[in-house]
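Below is one structure, written out as structure tokens, with a few remarks after it.
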Amino acid sequence: MTENIISIEDFKKVEIAVGKILSAEKVPETDKLLKLSVDLGEAAPRQIVSGISMYFPDCSVLVGKKCMFVANLEPRIIRGIESQGMILAVSTEDGQFSLLEPDSQIPIGARAK
């Protein structure tokens, strides 16, 4: 069992949305960071900074992917760049990694219920 137990009320506050990655670029002078432009079905794309660069040496493979994002995370400045959300992924101790991707028929902007 995990040590970080949260209440169902806390979990209900997390807004998880389907987003499409419009662009991805390595953040200069960093080993891990990518700057993503993401369409979450809103008026304008969001900028999201993520520490997933080591899994995507050619970050252009991310462009066009639909993934799951935390949409209501407080914005944060990371290496001078504002991040307006978080991409969801899983990894294992032996180095396996996967982005959380919805079924292809689920539309951009759909929210988890």
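Against the criterion of being surrounded by 13 or more Cβ atoms within 10 Å (Cβ to Cβ), within 23 Å of K113 (Cβ to Cβ), in contact (Cβ under 8 Å) with a residue 12 or more places away in the chain and not aliphatic (A, V, I, L, M), K26 does not qualify. If the condition is being modelled with pLDDT of 95 or more, over 20 Å from A44 (Cα atoms) and of a type in the set (V, I, T), then region 66-113 contributes I78, V90. Cβ-Cβ contacts under 7 Å between residues 6 or more apart (or on different chains), taken from a first residue in region 32-51 that is under 13 Å from R76 (Cβ atoms) to a second residue that is basic (K, R), are listed as L33/R79; Q47/K35; V49/K35; G51/K32. The residues in region 18-57 that are assigned to a strand (DSSP E or B), under 12 Å from the mean Cα position of the chain (by Cα), closer than 19 Å to E82 by Cα and not polar (S, T, N, Q) can be counted, and the count is 12. Checking S37, S7 one by one, the residue that is surrounded by 15 or more Cβ atoms within 10 Å (Cβ to Cβ) and hydroxyl-bearing (S, T, Y) is S37 and no other. Restricting region 61-113 to residues that are outside any strand (DSSP E or B) and among the hydroxyl-bearing types (S, T, Y), the residue that is surrounded by the most Cβ atoms within 10 Å (Cβ to Cβ) is T92. None of G51, G64 is at positive phi and out of contact with any helix residue (DSSP H, G or I) (no Cβ under 8 Å at 6 or more places or on another chain) except G64.
The values are calculated or read from the model by the stated rules, or taken from the named source; none is laboratory data. Worth saying up front: this structure is predicted, and the values here are computed from it rather than measured. Neighbour counts are summed over all protein chains in view; Cβ atoms, including those assigned to glycine, are modelled from backbone coordinates with ideal geometry.
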